[in-house]
Structures are given as structure tokens and as C-alpha cells.
Amino acid sequence: MASNLLKNIVKLDTRVSVSQNVCLPIRCLSTASPRVKDKTGKNIVFVDGVRTPFLLSGTDYAPLMPHQLAKEALIGLMRKTNVPREVVDYIVYGTVIQEVKTSNIGREAALAAGFPNSVPAHTVTMACISSNQGITTGIGLIAAGAYDVIVAGGVEFMSDVPIRHSRKMRSLLLRANKAKTPLDKLKLLSTFRPDFLMPELPAVAEFSSGETMGFSADRLAASFKVSREEQDQYAVRSHTMAQEAQDKGYLTDIVPFRLPNSSKVIEKDNGIRVSPIDKLAKLKAAFVKPHGTVTAANSSFLTDGASACLIMTEEKAKQLGLKPKLYLRDFTYVSQDPIDQLLLGPTYATPKVLEKAGLSVNDIDVWEVHEAFAGQILANLKAMDSDWFAQNYMNRKSKVGIPDLAKWNKWGGSLSIGHPFAATGVRLTVHTANRLVREDGQFGLIAACAAGGQGVGMIVERHPDATAL
Ligand SMILES: CC(=O)SCCNC(=O)CCNC(=O)[C@H](O)C(C)(C)COP(=O)(O)OP(=O)(O)OC[C@H]1O[C@@H](n2cnc3c(N)ncnc32)[C@H](O)[C@@H]1OP(=O)(O)O
């Protein structure tokens, strides 16, 4: 993509603008005449969602296994909603980098969390939008009439990723397993070479191109002429807003995590770090070395964490005496070229989902958009503000339009809160729900990019009963 063709350069307002005064509840919403029609005949609602604190990988969660984090999210959800486990019909759970011992981690976590044996669970993977996929799979199951009550969520555990023997070593070990006589074993041993011991480390990279996400983000930022300074400013904005939300007690989606065999209770995300811009400016490029602009501070960091949410028909919620937070109104998935458009999912998904729902950019009160990298966010904003990009890449007559940044990721985002890949979708959805209540909004838009050049867009509407946080 030519880098000099985007004329509309977005000047980001990086001033912090988290509103100070909050009154709850304010607006009286009505179910009688919804602006966005229910397409499922079920009025599917999002009752609530929770997450463990998100921690930098290699910190307090490091000795655990991922299903333990997922278990805590599931327990926390059932406790917060006060819904008996028996009421849940099905669990859809996401993970990206799979722990081989718990490959259907949804099931293992459900058993560990005390769900009855009779509640089926399956695990989904769609990179960074895996728990969005969990939610929308749940919507599909409810819409199809298969079930009424679904738990969705996701977990990622970067503190202990599976490191494999080399292919040659694996082949040797598998053949050794089959060797019958000591002579066969000796013969095999003689084929061993020291380089067989080189391990295979998992990379946060595209399989089809071999390029890491960070490298791709750096190329994207360069294509859209996003400067290093703009990226650093955006990163400071994200951390500042997350810090403010944490200090004000807005991050009520967190359920405290007592570490097993310890009295230590983790209550907060630990990656929020507000630094002076000149400190960020001194950091070296993390991926495209030495001249790249993506650094450790303007990237999301490797994170451990889990999330879970409860969705059901509105009728079931009423029967159970619950006060749902959202209507799950519409969603779409998009896919683009995984090389040059790897991280542009929000640009593609936003107009599609808005049009499906009959809404426009200006109707959205709360934007929650996954921040993989500051450069990726700013490139998406520039793409959304470009007629040229819309016409040449999106087959659209005119640009998507630029969201009101005063409504954008006001409690920080994945850059600051953290990004445990498969858990992020639920975190975005709960923050949208809680912000809609605090900010007295009606519609929220959730968007994210994912490996493979894919993306998601979701439209949610605040439920009239949503008052609690
Ligand atoms: C669709 C998608 O979501 S794709 C996105 C997927 N996610 C990713 O690809 C994850 C990308 N992130 C990463 O891979 C890693 O976080 C990296 C490579 C960027 C950085 O990893 P590390 O080098 O281990 O980071 P580390 O925490 O050591 O930080 C490096 C330096 O930056 C500094 N730093 C990091 N964050 C900040 C900050 N906010 N403010 C100031 N300094 C900071 C650290 O203090 C450290 O400085 P030092 O070298 O003087 O000690």
C-alpha cells in the first residue's frame, strides 16, 4: 500500500477526557420500540461478564495452569450473577495458544469450577477474537433453539507456552517408541545429531507469512504514516485512562484471584504503567530493528488472564429474576489479506456491522476497540477517515467515518489493561456494558483485529434493566 496516498491525517486528541461526574441510572430505555430490531426472535441478552485481573506474563500467575485461571473466571461469573450452575445449558470457551494437556480447556475449566458433568463445553479458537467467537457461537446456539443459557469466555496463558522438541527430535522419539529390539534402538540412536536439541518456540506470528504481529504492525504504521510520537502519545493515553479507571474503581469486571496454596489475593491488573512521553521516546524498536517505530511501550504486552460471561434469552433472564446489561444486537466477522491488512479488522468490520444494524458511526455512544498496538489503532483510524482507502480497498463509495474519540476506549484498552488473546473479547464487551451505564449511552460498538487478517464487529444495546455495575 503506497504510504503517501492518505490525505486525511487524523490528529488524535491525546488529552485525557474520562468524565468525572457519573449519575446512575439516567436514561429510561424502552423495550417496546427498539431502534435495532431483534433478528433472532429471542432478544438475546448479555447478563454480565467478569475476568480475572490481567497480569504481565511471568508474574504472579506463572506457576499456574491455564485452566485454573479459566476456572476462577467461571466461578466468579456464577457468584456475581448468582445463577446456579445447573441452569447453564452449554459453555463455549476460547483459547489461542493451547496447553496440550487441556486441549478442550472449556470442559476442563467447567469441571474444575464445579459445573455438573451434564453441561457440555467446547473450545473455540479465532486468535485474538476467540471469546467474541465464544459469545457469537452462543448467540447462534440460542437463536437455533438448541439452548437458552450459555456461558462464553476465554483464557490465555503466556507464562508457560508449549515449547516443542524439533521436528527431527520428535520423529526420532516416535520411532524410538516403536523400536522393538535393543539393536533397533541403538541404530536409531546413531542417527541423533546435536542440532536435534534445538527447541521450537511458539511465535506470535502469522503462519502464512511467518511475520510477527509486531513486525506487521510496524509496517502498517509506516504505510499509514503514523509517527513514533503519535504511537507513544496514544500509548500514554491508553495507560492514563486505564489508571484513572482503576483508581476510580470502574474496573468492576475484575473478580479477585486468590493464588492456590497462598494467602495472596490478586485484585488488580498489573500492566498499567503511566510513563512520561520522553521515557517512551527513548525505547528501542521491538520488532523492525533498528529503525522501526513499534516498541514495548506502544505494544500490547504478553498477558495471562481469563474471562467469562453469561448470555441467555431475555425471557429466561426474566424467569431467573436477572437484570441483564445488554442486548446482543448484531455481529459480523471480516477477513482480509493477512499480510498488508492483517490488523485492519476494525476498519472493515465497523461499517459492515453498523449497516447490518441500521446505525451510523454517530449513533455509537461507546466504542471499545482492541488495541493490539498503538500504530495499529492509529492506522485503523486513518483508514476509517480515508475516502481513498474506502474506494480502493473496501469497495465503498466513501469513508467509514471517524469515531468520536471522546467515546473511544475511555477506560484504557489492551495496550494498558493487557491482552490475554482469547480473553479480550469478553473484556471489551463488559467494558462496553459498564460504560454504557456510567456514561448513559444506548449503543456500543466492539471491534477487534485478529491473526489471519480477520476481525469482528459487534453492536450491543444497553438493556433497560442495566443499572448495576
Ligand atoms: C490481533 C492482535 O492482538 S496481535 C497482537 C498480539 N500481541 C503481541 O504481538 C504482543 C506484542 N508484545 C510483545 O511481544 C512484547 O510485549 C514485546 C516484544 C513488545 C516487549 O517484550 P519485552 O522486551 O519482554 O518487554 P519488557 O517488559 O522487557 O520491556 C522492554 C523495555 O521497555 C520498557 N517499557 C515497557 N513498557 C513501558 C512503558 N509503558 N513505559 C516505559 N517503559 C516501558 C521496559 O521497562 C523495558 O525497559 P528496560 O529494557 O530498560 O528494562
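The values are calculated or read from the model by the stated rules, or taken from the named source; none is laboratory data. Keep in mind it's a predicted model, so treat the numbers as computed, not measured. Methodologically, a virtual Cβ is constructed for each residue, glycine included, from the backbone with ideal geometry; neighbour enumeration extends over all protein chains shown.
Give me the pairs, please: first residue somewhere in region 411-423 and at positive phi, second residue anywhere and part of a loop (DSSP other than H, G, I, E, B) and within 12 Å of the ligand (Cβ to nearest atom), beta-carbon distance under 8 Å, and either six or more positions apart or on two chains.
Close Cβ pairs (under 8 Å, with a partner that is part of a loop (DSSP other than H, G, I, E, B) and within 12 Å of the ligand (Cβ to nearest atom)) amount to Gly412/Ile272; Gly418/Gly271; Gly418/Ser300; Gly418/Phe301.
Conditions (1) at pLDDT 95 or above; (2) surrounded by fewer than 23 Cβ atoms within 10 Å (Cβ to Cβ), marked per residue:
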| site | (1), (2) |
| --- | --- |
| Arg27 | no, yes |
| Thr102 | yes, yes |
| Ile105 | yes, no |
| Gly138 | yes, no |
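Just to be sure, is Glu314 among the acidic types (Asp, Glu), closer than 30 Å to Gly249 by Cβ and within 16 Å of the ligand (Cβ to nearest atom)?
On the way: among the acidic types (Asp, Glu): yes; closer than 30 Å to Gly249 by Cβ: yes; within 16 Å of the ligand (Cβ to nearest atom): no.
Against the criterion (among the acidic types (Asp, Glu), closer than 30 Å to Gly249 by Cβ and within 16 Å of the ligand (Cβ to nearest atom)), Glu314 does not qualify.
If you check Pro116, Pro162, which single one turns out to be part of a loop (DSSP other than H, G, I, E, B), out of contact with any Phe, Trp or Tyr (no Cβ under 6 Å at 6 or more places or on another chain) and closer than 28 Å to Met198 by Cα? Step through it out loud before you land on a result.
Values: Pro116 fails: closer than 28 Å to Met198 by Cα.
Being part of a loop (DSSP other than H, G, I, E, B), out of contact with any Phe, Trp or Tyr (no Cβ under 6 Å at 6 or more places or on another chain) and closer than 28 Å to Met198 by Cα holds for just one of Pro116, Pro162, which is Pro162.
Given the conditions (1) closer than 17 Å to Gln341 by Cβ; (2) within 16 Å of the ligand (Cβ to nearest atom); (3) aliphatic (A, V, I, L, M), which single one is not true for Leu415?
Failed condition: (1).
Can you find a residue in region 174-183 that is in a helix (DSSP H, G or I), of a type in the set (A, V, I, L, M) and closer than 30 Å to Ala296 by Cα? Write out each step before concluding.
Quick first cut of region 174-183, residues in a helix (DSSP H, G or I) only: 174-178, 182-183.
Still in the running and of a type in the set (A, V, I, L, M): 174, 176, 183.
The next check asks that each one be closer than 30 Å to Ala296 by Cα; those that pass are none.
The answer is no; no qualifying residue exists.
Among the residues of region 251-294, write down those that are within 30 Å of Lys225 (Cα to Cα), without any contact (Cβ under 8 Å) to a residue 60 or more places away in the chain and polar (S, T, N, Q). Walk me through it before giving the result.
So in region 251-294, the residues within 30 Å of Lys225 (Cα to Cα) come out as 271-294.
Among the residues that remain, those that are also without any contact (Cβ under 8 Å) to a residue 60 or more places away in the chain are: 274-284, 289-291.
Matches in region 251-294: Ser275 only.
Return yes or no: is Ala379 aliphatic (A, V, I, L, M), within 14 Å of the ligand (Cβ to nearest atom), in a helix (DSSP H, G or I) and over 22 Å from Asn298 (Cβ atoms)?
On the way: aliphatic (A, V, I, L, M): yes; within 14 Å of the ligand (Cβ to nearest atom): yes; in a helix (DSSP H, G or I): yes; over 22 Å from Asn298 (Cβ atoms): no.
So Ala379 fails the test.
Of everything in region 284-305, what is more than 6 Å from the ligand (Cβ to nearest atom) and among the polar types (S, T, N, Q)? Give them in sequence order. Even if it seems obvious, please write down each step before you answer.
Pass one, region 284-305, residues more than 6 Å from the ligand (Cβ to nearest atom): 284-285, 287-295, 298, 303-305.
Across region 284-305, the qualifying residues are Thr293, Thr295, Asn298, Thr303.
Kindly provide the set of residues from region 375-408 that are of a type in the set (Gly, Ala, Ser) and more than 20 Å from Thr429 (Cα to Cα), ordered by number. Walk me through it before giving the result.
Let us first name the residues in region 375-408 that are of a type in the set (Gly, Ala, Ser), namely 375, 379, 383, 386, 390, 398, 401, 406.
Residues satisfying the conditions are Gly375, Ala379, Ala383, Ser386, Ala390, Ser398, Gly401.
Condition (residue is in contact with a Leu (Cβ under 6 Å, 6 or more places away or on another chain) and within 9 Å of the ligand (Cβ to nearest atom)) applied to region 208-216: is it met by at least one residue? Spell out the reasoning first.
Kept after step one, since they are in contact with a Leu (Cβ under 6 Å, 6 or more places away or on another chain), are these residues of region 208-216: 216.
Checking which are within 9 Å of the ligand (Cβ to nearest atom) leaves us with 216.
Checked region 208-216: at least one residue is in contact with a Leu (Cβ under 6 Å, 6 or more places away or on another chain) and within 9 Å of the ligand (Cβ to nearest atom).
Just to be sure I understand the filter: pairs with C-beta atoms under 7 Å, separated by 6 or more residues or on different chains, first member in region 198-227 and part of a helix (DSSP H, G or I), second member modelled with pLDDT of 95 or more and among the polar types (S, T, N, Q). Which pairs pass?
Qualifying pairs under 7 Å: Gly214/Ser299; Ala217/Gln376; Asp218/Thr293; Leu220/Gln376; Ala221/Gln231; Ala221/Thr293.
Restricting attention to region 391-431, and to residues there that are of a type in the set (Lys, Arg) and either in a loop (DSSP other than H, G, I, E, B) or surrounded by fewer than 22 Cβ atoms within 10 Å (Cβ to Cβ) (or both), which single residue is farthest from the chain's Cα centre (by Cα)? Step through it out loud before you land on a result.
Our first condition is that a residue be of a type in the set (Lys, Arg); within region 391-431, this holds for 396-397, 399, 407, 410, 427.
So of that shortlist, the ones also either in a loop (DSSP other than H, G, I, E, B) or surrounded by fewer than 22 Cβ atoms within 10 Å (Cβ to Cβ) (or both) come out as 396-397, 399, 407.
Values: Arg396: 27, Lys397: 30, Lys399: 26, Lys407: 19 Å.
Per the criteria, the residue is Lys397.
Any idea which of (1) over 30 Å from Ser159 (Cβ atoms); (2) at pLDDT 95 or above; (3) surrounded by fewer than 22 Cβ atoms within 10 Å (Cβ to Cβ) is the one Gly452 doesn't satisfy?
Gly452 satisfies every listed condition except (1).
Is one or more of the residues making up region 303-324 in a helix (DSSP H, G or I), polar (S, T, N, Q) and either at pLDDT 95 or above or within 28 Å of Ile142 (Cβ to Cβ) (or both)?
Step one: of region 303-324, the residues in a helix (DSSP H, G or I) are 314-319.
Retained after the next criterion (residues that are polar (S, T, N, Q)): 319.
Subsequent filtering for residues that are either at pLDDT 95 or above or within 28 Å of Ile142 (Cβ to Cβ) (or both) retains 319.
Looking through region 303-324, at least one residue is in a helix (DSSP H, G or I), polar (S, T, N, Q) and either at pLDDT 95 or above or within 28 Å of Ile142 (Cβ to Cβ) (or both).
Would you say Gln68 is in contact with a strand residue (DSSP E or B) (Cβ under 8 Å, 6 or more places away or on another chain), buried (at least 18 other Cβ atoms within 10 Å of the Cβ) and closer than 18 Å to Arg51 by Cα? Working first, answer last.
Working: in contact with a strand residue (DSSP E or B) (Cβ under 8 Å, 6 or more places away or on another chain): no; buried (at least 18 other Cβ atoms within 10 Å of the Cβ): yes; closer than 18 Å to Arg51 by Cα: yes.
No: the conditions fail for Gln68.
Here are some conditions: (1) part of a strand (DSSP E or B); (2) within 16 Å of the ligand (Cβ to nearest atom); (3) within 23 Å of Thr40 (Cα to Cα). Cys449 meets all but one. Which one does it not meet?
Exception for Cys449: condition (3).
So Gly441 passes all but one of these: (1) small (Gly, Ala, Ser); (2) surrounded by 24 or more Cβ atoms within 10 Å (Cβ to Cβ); (3) on the phi < 0 side of the Ramachandran plot. Which condition number does it fail?
(2)
Which of the residues that make up region 240-283 are under 16 Å from Asp304 (Cβ atoms) and within 11 Å of the ligand (Cβ to nearest atom)?
Gly271, Ile272
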